[in-house]
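Colleague: Take a look at this one; I'll ask things after.
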Amino acid sequence: MLAVRDIRKDYGPVAVLKGVSFDIAARRSLAVIGPNGAGKTTLMKVVTGEVPAESGSVRFDDRDVTAQAAHLRVRAGIGRTFQVSRVFLENSVLDNAVIAVEARLRSAGETLGRWYATQPKPAVRDEAEQRLRAIGLDSKRDVRAAFLSHGDRKRLELALALALNPRVLVLDEPTAGMSPPERRRTVELIAGLREANGLTLLLTEHDMGVVYDLADELMVLNYGAVIARGTADEIRADPLVREVYLGQEMVHAQGH
């Protein structure tokens, strides 16, 4: 579903990504972990088209999207959430969902009704409400997004991404800043949505419990280079990973 080959990215004189390559099969999940500054978020930006790479390629569903702009990759089926949630703060929760549904319909060339209409089409509103029910925010649909808790904003952003019907979902620190109960609920939510929607996941996350719960495989970056890839057990046992990232206390962590 996603094939990344020899991605190199520089910020000025600093080589941030040094020939990163990986594949993700359909409906599988890969977590990218590593120390701060390893290049994880930059890799997400390159995959989703937010920034261009110096060299290398990104293929999605056997199509070369390396030169495509970010919005075209979204239309093709690559969704994205961010470390700091990006939602429409001045709009209600329901209006946020409506905006996402309407954006998908517009990109598909579907009519949304008269241009001067002040209310969404009933079918659009119904879908938006369904999206909110799926993430547990239907009771807050009339709340302005600016007044949501941090965890609820992250969940709303997830709903916006899913409203675009992605096949690959890229998650940058999906539980960053959450309390332990919020983190557990979010992990259960993502796992359930992945199964229900047949999603392929690419994520980066510092909380190893979240990683172990959501990822089929792990890839470890250090100074922009891949130093290991494998299952959770294989990564725990890798002496180089233990040295540069996990530490002895994380080797025995089970994610619960």
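Colleague: Taking the range 95-108, which residues are surrounded by fewer than 21 Cβ atoms within 10 Å (Cβ to Cβ) and not acidic (Asp, Glu)?
Modeller: Looking only at the range 95-108, we keep the residues that are surrounded by fewer than 21 Cβ atoms within 10 Å (Cβ to Cβ), and these are 95, 99, 102-108.
Ile99, Ala103, Arg104, Leu105, Arg106, Ser107, Ala108, listed by residue number.
Colleague: Still on this structure: Among Ala134, Ala161, Ala128, which is assigned to a helix (DSSP H, G or I), surrounded by 14 or more Cβ atoms within 10 Å (Cβ to Cβ), in contact with a Ser or Thr (Cβ under 7 Å, 6 or more places away or on another chain) and small (Gly, Ala, Ser)? Write out each step before concluding.
Modeller: Working: Ala134 fails: in contact with a Ser or Thr (Cβ under 7 Å, 6 or more places away or on another chain); Ala128 fails: in contact with a Ser or Thr (Cβ under 7 Å, 6 or more places away or on another chain).
The conditions single out Ala161.
Colleague: So is Leu203 of a type outside the set (Ser, Thr, Tyr), surrounded by 23 or more Cβ atoms within 10 Å (Cβ to Cβ) and under 23 Å from Gly37 (Cβ atoms) or not? Full working, then the answer.
Modeller: On the way: of a type outside the set (Ser, Thr, Tyr): yes; surrounded by 23 or more Cβ atoms within 10 Å (Cβ to Cβ): yes; under 23 Å from Gly37 (Cβ atoms): yes.
For Leu203, the condition - of a type outside the set (Ser, Thr, Tyr), surrounded by 23 or more Cβ atoms within 10 Å (Cβ to Cβ) and under 23 Å from Gly37 (Cβ atoms) - is met.
Colleague: Between residues in the range 73-86 that are at positive phi and residues that are part of a strand (DSSP E or B) and of a type in the set (Lys, Arg), which pairs lie under 6 Å by C-beta distance while being six or more apart or on different chains?
Modeller: Listed by first residue and then by second, the contacts come to nothing, as the list is empty.
Colleague: Assigned to a strand (DSSP E or B), in contact (Cβ under 8 Å) with a residue 12 or more places away in the chain and over 25 Å from Arg194 (Cα atoms): does that describe Arg8?
Modeller: Numbers: assigned to a strand (DSSP E or B): yes; in contact (Cβ under 8 Å) with a residue 12 or more places away in the chain: yes; over 25 Å from Arg194 (Cα atoms): yes.
Yes.
Colleague: Does Lys9 satisfy being buried (at least 22 other Cβ atoms within 10 Å of the Cβ), within 14 Å of the chain's Cα centre (by Cα) and charged (D, E, K, R)?
Modeller: Details: buried (at least 22 other Cβ atoms within 10 Å of the Cβ): yes; within 14 Å of the chain's Cα centre (by Cα): no; charged (D, E, K, R): yes.
Taking the combined requirement at face value, the residue does not satisfy it.
Colleague: Would you point out which residue out of Leu148, Leu171 is out of contact with any Asp or Glu (no Cβ under 6 Å at 6 or more places or on another chain), under 30 Å from Gly34 (Cα atoms), of a type outside the set (D, E, K, R) and touching a residue at least 24 places away in the same chain (Cβ under 8 Å)?
Modeller: Among Leu148, Leu171, only Leu171 is out of contact with any Asp or Glu (no Cβ under 6 Å at 6 or more places or on another chain), under 30 Å from Gly34 (Cα atoms), of a type outside the set (D, E, K, R) and touching a residue at least 24 places away in the same chain (Cβ under 8 Å).
Colleague: Starting from the range 91-106, keep only residues that are touching a residue at least 40 places away in the same chain (Cβ under 8 Å), then list their pairs with residues that are of a type in the set (Lys, Arg) and assigned to a helix (DSSP H, G or I) whose Cβ atoms are within a distance under 8 Å, requiring at least 6 positions of separation or different chains.
Modeller: Val93/Lys140; Leu94/Arg125; Ala97/Arg131; Ala100/Arg131; Val101/Arg131
Readers should treat all values here as calculations from the given coordinates under stated rules, not as data from a laboratory. Values in this document were obtained by computation on a predicted structure and should not be read as measured data. Note: ideal-geometry Cβ built from the backbone for every residue, glycine included; neighbour counts use all protein chains shown.
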